[in-house]
1. For the stretch 207-212, what does the Karplus curve 6.51 cos²θ - 1.76 cosθ + 1.60, with θ = phi - 60°, yield as ³J(HN,Hα) per residue in whole Hz, taken in order and with x for Gly and Pro?
2. What FRET efficiency, computed as 1/(1 + (r/R0)^6) with R0 = 41 Å and r the Cβ-Cβ distance, is obtained for SER259 and VAL81, rounded to the nearest 0.05?
3. What is the Rg over Rh value, at two decimals, for the stretch 1-107, using alpha-carbon atoms and the Kirkwood definition of Rh?
4. Give LYS209/LYS245; LYS43/LYS96; LYS43/LYS71; LYS43/LYS90; LYS32/LYS76 a once-over and call out the pairs whose C-alpha atoms are over 20 Å from each other.
5. Any chance you could run the full-extension gain for SER230 through HIS46? It's 0.36 nm times the residue separation minus the Cα-Cα distance, nm to one decimal.
6. What are the equivalent ellipsoid semi-axes of the stretch 192-269, built from the alpha-carbon gyration tensor (square roots of five times its eigenvalues), in whole angstrom, biggest first?
7. Sorted by average packing, counted as other Cβ atoms within 10 angstrom per residue and highest first, what order do 45-58, 328-341, 72-85 take?
Amino acid sequence: MDYISVIDNFVETVSTPILVIDDRSYVISSNKAAVDLLGNDFKGRHFYVAIRQPLIINLVENAFNANENEKGNFYKTVSGVERTYEVTTKYSRELKIVSLSFYDTTDVIQANQMRRDFVANVSHELKSPLTSILGFIETLSGVIKSNPLKAKEFLRVMERESLRMSSLIDDLLGLSRVEVAEKLLPTEQVNLGDIMRDVLEILTPTAAKRNISINYVQDASDPLIMGDYSQVVQVFTNLLQNAIKYGGDGNKIKVIMDSIEYHKALMTTGYKVSFEDTGIGIEEHHLARLTERFYRVDDHRSRNEGGTGLGLSIVKHIMVRHNGRLLIESDPGNGSVFSVVFPNRIN
């Protein structure tokens with residue numbers, strides 16, 4: 001058996017795309033993964049035909065000239081998405097060949113970008129209230145004796161900004177905990193009706209201060225699910241708080257808990273809890289992005305209301321853990337409906 005046959009047999013056992021090029025710059029071997037990636041079998045042809053990106057061509061030529069291994073990036077559009085592959089060239093002095101292996105790094109790059117964006121967003125969110133507090137502290141030291149009323153006003157602003165930072169940190173920690181537990185199915189039995197009544201008892205006084213009425217209707221007779229009690233409380237609290245905050249003073253909120261027949265997405269029966277408000281509503285182009293971290297429809301209004309931009313992201317992750325769904329509907333000028341659907345699986 002000649003050495004090319006040995007190479008062919010080896011590269012076909014590898015799932016990563018591989019090309020092998022001889023010192024004449026011809027492709028002498030390639031596996032199925034490489035054919036799928038490049039769209040053709042370039043065996044027996046000059047590697048320039050297979051790899052049309054100058055950077056990779058230079059890598060191969062440098063590998064032959066310097067007799068050393070090198071790395072670079074190869075870009076290929078796959079199913080309409082540009083993907084990035086880390087290409088490693090390895091030179092064999094004995095056989096005088098260079099192998100090119102392609103490792104898909106797209107997901108890693110995207111994950112790193114998400115982390116960078118997340119850190120940048122957190123830094124921005126914390127910097128604003130910190131700047132306000134530091135500025136007021138500096139000003140306060142000069143007016144606390146000469147203008148006590150102004151000093152009290154500054155203290156109120158500092159308190160508000162401090163609470164905003166505290167809420168942001170709490171939500172960041174909460175989001176982190178939810179993501180860690182997302183793949184662990186809940187193991188306790190909870191009653192959605194009992195949880196909703198607990199949440200209503202806590203938030204009804206807050207709504208009353210803004211002249212907001214809450215009408216709760218429970219049509220589900222015994223809404224038992226396998227769930228995480230504290231997380232379900234968080235879901236109901238976040239959605240009801242949003243209805244109170246963004247529905248507007250004098251708003252009417254209706255909370256409905258229904259049993260639902262077989263749900264195609266859940267593949268079982270379940271319970272649907274809807275939070276309806278009569279506020280200004282949300283434009284359609286915002287709806288798909290509402291669960292993104294730090295996304296706000298009205299940035300100024302959200303900050304004034306103490307919103308962190310993380311509440312719906314937390315709700316989404318909790319619902320994923322419960323094999324449930326978050327549904328959002330809105331009619332600009334006529335209010336919004338945020339609904340969560342839980343499967344009623346009971347062990």
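1. 5, 4, 4, 9, 6, 10
2. Details: r = 41 Å, r/R0 = 0.99.
The computed FRET efficiency comes out at 0.50.
3. Working: Rg = 13.0 Å, Rh = 13.8 Å.
My calculation puts Rg/Rh at 0.94.
4. Working: LYS209/LYS245 12 Å; LYS43/LYS96 17 Å; LYS43/LYS71 22 Å; LYS43/LYS90 18 Å; LYS32/LYS76 17 Å.
Checking Cα-Cα distances, LYS43/LYS71 exceed 20 Å.
5. So the extension gain works out to 59.9 nm.
6. Values: eigenvalues 127, 36, 27 Å².
In descending order, the three semi-axes are 25, 13, 12 Å.
7. Descending packing order for the listed peptides: 328-341, 45-58, 72-85.
Just so you know, all these numbers are worked out from the coordinates, no wet-lab data involved. Quick caveat, the model's predicted, so the values are computed rather than measured. Note that each Cβ is placed from the backbone with ideal geometry, even for glycine, and that neighbours are counted across all protein chains shown.
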